[in-house]
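Worksheet: one structure, shown below.
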Amino acid sequence: MKHLILKTFLLLATLLGVGQAAAQANLEINTPGIAAIQGSMQKRHAELAPLYTSGAVGLTRDGNVALRDPAGVPLAQRAAVNGLIAAENQDRASLYREIARANNHPEWEGDIRNTFGQRWIDRAQAGWYYQNATGAWVRK
Amino acid sequence: MTLKTLRTLSTNRRLMLGALLGGTVMAAGCVTINIYFPAAAAEKAADRIIDEVWQLKGGASTPPAPAPGASTPPAPAPGAKPAEK
């Protein structure tokens, strides 16, 4: 009897451990909401890419984009560029929130934002600008 | 539950009660562990989304730089009507 209980106990422990490992292997990102935000950002990237290259817009540490060099944008286009940046940051905020919610951990939003902030910078093209740990703009 | 009632229980029952308590404690422990942020999984997820948004993994199917000036033969003239589908 003692052995039976012990075995059941061990089996339960193994099952719980495996289930937990599987749950941590991947984050859920295949939801209609996340796909829609991703599509919208992908379209906008065609307009943002030249601004990254020129250095007018840079990547911030907190997973956003920001106007780095206002002088690099002609006055006539400045409002349009600001609109682009605002729309991009809104999509990014929704993206981070949606991923956290899709994984049933809304409190992870900040951690997800930080992870993205680092990965956007790591994967940026050479020549693009990003903010370093002290907040200064650095050319990659 | 007092010690007196615990003593009146048979050995089997006591063992079962112990296993039940142990299981509860362990399940609670697992829930606590699961609350920690899965940093590696988040990085993987971020990379997959960044690939899509920045079109980093198109390979040969997507041109590396779609230059508006360099036109291919079937490209329509700027004033041409869009093809009806």
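The values are calculated or read from the model by the stated rules, or taken from the named source; none is laboratory data. Here the structure is a predicted model, which is why all the values come from computation and not from measurement. Backbone-built Cβ (ideal geometry, glycine too); neighbour counts: all protein chains shown. Note: areas computed on protein heavy atoms with side chains; ligands, DNA, RNA excluded. Shrake-Rupley method; radii C 1.70, N 1.55, O 1.52, S 1.80 Å.
Some notes on this structure:
- Label-point separation in nm, A:E28 to A:S54, each point 7 Å along Cα→Cβ: 4.2
- Scaling against 2.2 N^0.38 Å puts the C-alpha radius of gyration of region A:28-139 at 1.09.
- For region A:79-140, the convex hull drawn through the C-alpha positions has a volume of 102 cubic angstrom per residue.
- Pairwise burial A:B, computed as accessible area of each alone minus the pair, summed, 1.4 Å, Å²: 3200
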